[in-house]
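Before any comments, here is the structure.
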Amino acid sequence: QVQLVESGGGLVQPGGSLRLSCAASGTTSMINIMAWYRQVPGKQRELVATSTRRGSTNYVDFVKGRFTLSRDNAKNSVYLQMNSLKPEDTAVYYCHVISYYGTNYWGQGTQVTVSS
């Protein structure tokens, strides 16, 4: 089992920055993929960025150049640096982990609101 705890959400003005953190605990040696998703009310949860344990990172087009995912395997943590935030980035952001066995784990989510 893996437990995930996110932090770092909040209210920020358009053009501002936030850094989200996700700390994993439990059987962390089985973690392969660590990722960030987001969801707004009434819409499906959508992928933001993913990383593998080997260090391969991928982003969806709407965050490329603005968001940066980083990962610290020694600390079992993943981070999402979000710059140049837009109102349409407002969402609940979720940390997601996939184990080497294909098991999915989700954090509780952290609210990000971009508004003036």
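The values are calculated or read from the model by the stated rules, or taken from the named source; none is laboratory data. Small disclaimer: the values here were computed from a predicted structure and weren't measured. Note that each Cβ is placed from the backbone with ideal geometry, even for glycine, and that neighbours are counted across all protein chains shown. Note: areas computed on protein heavy atoms with side chains; ligands, DNA, RNA excluded. Shrake-Rupley method; radii C 1.70, N 1.55, O 1.52, S 1.80 Å.
Can you report the number of residues in the range 99-116 which are closer than 23 Å to M82 by Cα, of a type outside the set (S, T, N, Q) and open to solvent by 60 Å² or more (accessible area, probe 1.4 Å)?
Going through the range 99-116 one residue at a time, the tally reaches 1.
Test P41 against the criterion of being within 15 Å of V112 (Cβ to Cβ), at pLDDT 95 or above and either open to solvent by 30 Å² or more (accessible area, probe 1.4 Å) or among the aromatic types (F, W, Y) (or both), and give yes or no. Spell out the reasoning first.
Numbers: within 15 Å of V112 (Cβ to Cβ): yes; at pLDDT 95 or above: no; either open to solvent by 30 Å² or more (accessible area, probe 1.4 Å) or among the aromatic types (F, W, Y) (or both): yes.
No, not satisfied.
Here's a check for you: in the range 6-22, which residue that is open to solvent by 50 Å² or more (accessible area, probe 1.4 Å) and part of a strand (DSSP E or B) is nearest to W106 (Cα to Cα)?
If we take residues in the range 6-22 being open to solvent by 50 Å² or more (accessible area, probe 1.4 Å) and part of a strand (DSSP E or B), then S7 is nearest to W106 (Cα to Cα).
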